[in-house]
1. Would you mention how many residues in the stretch 151-170 are in a loop (DSSP other than H, G, I, E, B) and loosely packed, with under 14 Cβ neighbours inside 10 Å?
2. Just the residues that are of a type in the set (D, E, K, R) and within 10 Å of the ligand (Cβ to nearest atom), please, taken from the stretch 172-199.
3. Do we have I321 as at pLDDT 95 or above, open to solvent by less than 50 Å² (accessible area, probe 1.4 Å) and part of a helix (DSSP H, G or I) here?
4. Checking the condition within 16 Å of the ligand (Cβ to nearest atom), out of contact with any Gly (no Cβ under 9 Å at 6 or more places or on another chain), assigned by TED's automatic domain parsing to the domain that holds S171 and outside any helix (DSSP H, G or I), which residue from I26, I61, I88, I74 passes?
5. Filter the stretch 297-311 down to the residues that are farther than 26 Å from Y272 by Cβ and open to solvent by less than 20 Å² (accessible area, probe 1.4 Å) and list them by number.
6. Tell me, which residue of the stretch 241-282 that is basic (K, R) and modelled with pLDDT under 95 is farthest from A54 (Cα to Cα)?
7. Anything in the stretch 195-213 that is open to solvent by 10 Å² or more (accessible area, probe 1.4 Å) and under 11 Å from the mean Cα position of the chain (by Cα)? List them, or say none.
8. If a residue must be charged (D, E, K, R) and within 16 Å of the ligand (Cβ to nearest atom), how many such residues does the stretch 146-171 contain?
Amino acid sequence: MIPFSPPRIDKAVIDEVVDTLNSGWITTGPKTKRFESMVRDYCGCKRVLCVNSATSGLELILRWFGVGVGDEVILPAYTYSATANVVIHCGAKPVLVDVGTDFNINVEKVGQAITSKTKVIMPVDFGGYPCEYSKLNSLVDSDHHRALFVPANDIQKKLGRILILSDSAHSFGASISGKRAGSLTDISVFSFHAVKNLTTAEGGAIALNLPEPFDSNNIYDFLNIFSLHGQNKDALAKLQKGNWKYDIITAGYKCNMTDIQASFGLVELPRYESDTLAKRRYICNKYSQAFADQEWAEIPVQNAENITSSYHLYPLRIKGITEATRDSIISDIFSHDVSVNVHFIPIPMLSFYKDMGYDIQHWPVTYDNFSREISLPVFYDITDDQINKVIDAVKNAVESNLKNTPTL
Ligand SMILES: *Cc1c(COP(=O)(O)O)cnc(C)c1O
C-alpha cells in the first residue's frame, strides 16, 4: 500500500531527538528558542513564537486581539475545521466566504462580507498556494474599511483596521515575489503537524509581522507568557539559583513547544529548501506532466509569475463528475493499493456547522471544488516507481468510472 503522507524520520532526526533526551532538558528550552530564530530568518518576518499546534497559535492571536462575543471573523468555507473552530472557541461568529478555482478565498467576496463587526480575516493558503495578500492587505487598509472598523480595545485601536491572520498551515516555504509566507501579511501561523511539509510531530509557529507602531519583541514576550499559563517566568528562568518566585499576569493557556519537538525542526529546516521542497516540487510536476494530456484532468495551479507553492498537496480535480463518482473513483484507487484523500470536507457540510444553520448551497465554488477533488500522495520518501503506480491507479480508476457513468 502506498501511504498518503508519512513523515520523514531518518537517522539525523532520531539522533537530534536522542541528543535532547540525553541533555535532560525536554520541555521548552534552548532548542525551541534556536528553532524560533531559524524560522524567523527563513520567513523574513519580525519574530516567531513556536507553540504546540497551528490551532493553538491561531487561537492565541484571536485572544490577544480581543476577539469575542458579537465579533465576526471572515474565513473560507473550504478549509480544515480548525480555522473555524478557533473562532467558535472565542465566542465569535465565523463568516464563511466562497473560494476561487485556485481553492483560495475569493478576495472580492471577502470585501462584500466585511461589516462593522469584522475584526479579523483568516485566509488559508490551500495546499501551500499563497492567497492574494497584496489585495487582502490593501482591502483592509482602504479608507472605507478603516472607517467601518470599530475598535474595542487598545490593541485594535492601535491597528485601526481589520487584522489579517493567515492560516499558513500548508504554506511554509511558499513565496510571492521572493517574499516567503510569514512575511506576506500581519500575522501568519504555520503547522508542523505530522502530515505537514515540515513536521515536529505536533507543533506550530506564529510569525509576527505587524506594522509600526507595534513592537514585535513586546508581543513575542506577551505571547510567550500567554502560551505558558500567563506565568512571568518559564521553567528555564526558574532553574537559576534562588530564582523560584513567579507571578501569573493573565489567565494564560498551555500550548508551548517542547525541545523534543524542536529537535525535529532543527534537522528539517536546514534541508527544507534544497531537499524537502525540491522533492515535493518534483513529485507534483511528475503528476502534472502525466495528467497534462488527459481530457478529464484539471491540473492544480502551483506556480504563476512570482508565485510559488510549498507543494503541500496535489489537489487533482476530475472534470464534470459528481461527488458520488468522485467517491467511487477514490475507492477504485484504494483497490490499487494507493492511498488518497480529499481536502477538505467544507465547513458547512460538517454536522456541528450544519446544525448552526450553515448550508453548503451558499458556497457553490467550494462545493464544486470539493465534489471533484482527490489529493494524491506527496511525501519525501516516495520513489519513482511509486509515483508511476499512483499515476496508473488514478488513470485506471478515472477511466473505468467515466466509462460506466454518464458525465454531467
Ligand atoms: C493542519 C491544519 C490546521 C491545524 O494544524 P494543527 O497544527 O494540527 O493544529 C489548520 N488549518 C489547516 C488548513 C490545516 O490543514
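The values are calculated or read from the model by the stated rules, or taken from the named source; none is laboratory data. What you see is a predicted model, and the numbers here were worked out from it, not measured in a lab. Neighbour counts are summed over all protein chains in view; Cβ atoms, including those assigned to glycine, are modelled from backbone coordinates with ideal geometry. Note: accessible area is taken over every heavy atom of the protein model, side chains too, but ligands, DNA and RNA are not part of it. Shrake-Rupley method; radii C 1.70, N 1.55, O 1.52, S 1.80 Å.
1. The qualifying residues number 2.
2. Answer for the stretch 172-199, where residues must be of a type in the set (D, E, K, R) and within 10 Å of the ligand (Cβ to nearest atom): just K196.
3. Working: at pLDDT 95 or above: yes; open to solvent by less than 50 Å² (accessible area, probe 1.4 Å): yes; part of a helix (DSSP H, G or I): no.
Spelling it out, it is not the case that I321 is at pLDDT 95 or above, open to solvent by less than 50 Å² (accessible area, probe 1.4 Å) and part of a helix (DSSP H, G or I).
4. Details: I26 fails: within 16 Å of the ligand (Cβ to nearest atom); I61 fails: outside any helix (DSSP H, G or I); I88 fails: outside any helix (DSSP H, G or I).
Step by step, each of I26, I61, I88, I74 is checked, and only I74 is within 16 Å of the ligand (Cβ to nearest atom), out of contact with any Gly (no Cβ under 9 Å at 6 or more places or on another chain), assigned by TED's automatic domain parsing to the domain that holds S171 and outside any helix (DSSP H, G or I).
5. Result: A297, single match.
6. Start the filter on the stretch 241-282 by keeping residues that are basic (K, R), which leaves 241, 245, 254, 271, 279-281.
Next cut, modelled with pLDDT under 95 only: 241, 245.
On the way: K241: 35, K245: 31 Å.
Looking at the filtered set, the residue picked out is K241.
7. Matches in the stretch 195-213: K196, N197.
8. Count: 1.
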